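S.K.: First the structure, then my questions, so here it is.
Taken together, the values in this text are just the output of simple stated rules run on the coordinates, not laboratory data. Computed from a predicted model, the values in this text were never measured in an experiment. Positions of Cβ are backbone-derived with ideal geometry, glycine not excepted, and every protein chain shown enters the neighbour counts.
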Amino acid sequence: MIDVTVNGIKKQFQEGTTVAAMLKSEGFSGGRVAVEINLDIVPQRMFEERKLTSGDRIEIVSFVGGG
């Protein structure tokens, strides 16, 4: 297990977890989400490849339409 912080909350994930898998487990779906890891924006095309590492500080922002 690795320890990361997601939107200010400490979480644990299996070693080798990708950004895409983390988003799914956290209930985010669709393409209207932005992810920042350790102050670097992760491009959506990298979600399937970028693996989380212990100590990562992750911020997730989802966009919701409305008016």
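S.K.: Tell me the residue from Lys10, Lys51 that is exposed (fewer than 13 other Cβ atoms within 10 Å of the Cβ) and of a type in the set (D, E, K, R), please.
M.R.: Values: Lys51 fails: exposed (fewer than 13 other Cβ atoms within 10 Å of the Cβ).
Every option except Lys10 fails the conditions.
S.K.: Based on what the data block shows, is Ala21 among the small types (Gly, Ala, Ser), in a helix (DSSP H, G or I) and either within 10 Å of the chain's Cα centre (by Cα) or surrounded by fewer than 16 Cβ atoms within 10 Å (Cβ to Cβ) (or both)? Steps first, answer last, please.
M.R.: Details: among the small types (Gly, Ala, Ser): yes; in a helix (DSSP H, G or I): yes; either within 10 Å of the chain's Cα centre (by Cα) or surrounded by fewer than 16 Cβ atoms within 10 Å (Cβ to Cβ) (or both): yes.
In short, yes.
S.K.: Looking only at residues that are of a type in the set (A, V, I, L, M, F, W, C) and surrounded by 10 or more Cβ atoms within 10 Å (Cβ to Cβ) in region 24-40, which one is nearest to Lys51 (Cα to Cα)?
M.R.: Residues of region 24-40 of a type in the set (A, V, I, L, M, F, W, C): 28, 33-35, 37, 39.
Adding the requirement that they be surrounded by 10 or more Cβ atoms within 10 Å (Cβ to Cβ) leaves 28, 33-35, 37.
Working: Phe28: 17, Val33: 17, Ala34: 16, Val35: 13, Ile37: 11 Å.
For region 24-40, the residue satisfying everything is Ile37.
S.K.: While we're here: Applying the selection to region 13-67, what residues are within 15 Å of Asp3 (Cα to Cα), β-branched (Val, Ile, Thr) and without any contact (Cβ under 8 Å) to a residue 40 or more places away in the chain?
M.R.: Answer for region 13-67, where residues must be within 15 Å of Asp3 (Cα to Cα), β-branched (Val, Ile, Thr) and without any contact (Cβ under 8 Å) to a residue 40 or more places away in the chain: Thr17, Thr18, Val19, Ile37.
S.K.: Additional query: Out of everything in region 24-63 that is assigned to a helix (DSSP H, G or I) and charged (D, E, K, R), what residue ends up being farthest from the chain's Cα centre (by Cα)?
M.R.: Arg45
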